[in-house]
Amino acid sequence: MKKPTTTTNVGIMLMADTFPTKTYLLLTHLSADDPTISSFSHDGTSFEIYDQSVFASKYLPQYFKHSNYGSFVRQLNLYGFTSSRLKQNIDVVV
């Protein structure tokens, strides 16, 4: 099954047409290139978003048709993701 190909304005080839796939590619990109914004946990079972405003304004539009962080979180919830706060600070872990 061949998936549609799109290119973001940073030149990343996306072979994705579903929200989970695009989200995974976005988080993989950020974990490697800008881990101060978002990264996977050490065991890979969750991810953290450290700077919601930069994540929403700079990176969401590169992968999705919006820059609304709340919409992104609602979509995550539809796919069964949950969020929690770390005990030592207010960062949200998804």
Exercise. How many residues does the stretch 45-59 contain that are open to solvent by less than 80 Å² (accessible area, probe 1.4 Å) and of a type in the set (Val, Ile, Thr)?
Worked result: 2
Exercise. Cβ-Cβ below 6 Å, separation at least six or inter-chain, first residue in the stretch 48-61 and closer than 14 Å to Arg74 by Cβ, second among the small types (Gly, Ala, Ser) and open to solvent by less than 80 Å² (accessible area, probe 1.4 Å): which pairs?
Worked result: Ala56/Ser67; Leu60/Ser67
Problem set entry | Only listed residue being assigned to a loop (DSSP other than H, G, I, E, B) and at pLDDT 90 or above, chosen from Lys65, Lys87 | Lys65
Exercise. Does Ser53 qualify as being more than 10 Å from the chain's Cα centre (by Cα) and either over 18 Å from Phe81 (Cβ atoms) or hydroxyl-bearing (Ser, Thr, Tyr) (or both)?
Worked result: yes
Exercise. Mind checking whether some residue in the stretch 23-44 is open to solvent by 40 Å² or more (accessible area, probe 1.4 Å), at pLDDT 90 or above, in a loop (DSSP other than H, G, I, E, B) and in contact with a helix residue (DSSP H, G or I) (Cβ under 6 Å, 6 or more places away or on another chain)?
Worked result: no
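The values are calculated or read from the model by the stated rules, or taken from the named source; none is laboratory data. Worth saying up front: this structure is predicted, and the values here are computed from it rather than measured. Neighbour counts are summed over all protein chains in view; Cβ atoms, including those assigned to glycine, are modelled from backbone coordinates with ideal geometry. Calculation scope for accessible area: heavy atoms of the full protein, side chains included, ligands and nucleic acids excluded. Shrake-Rupley method; radii C 1.70, N 1.55, O 1.52, S 1.80 Å.
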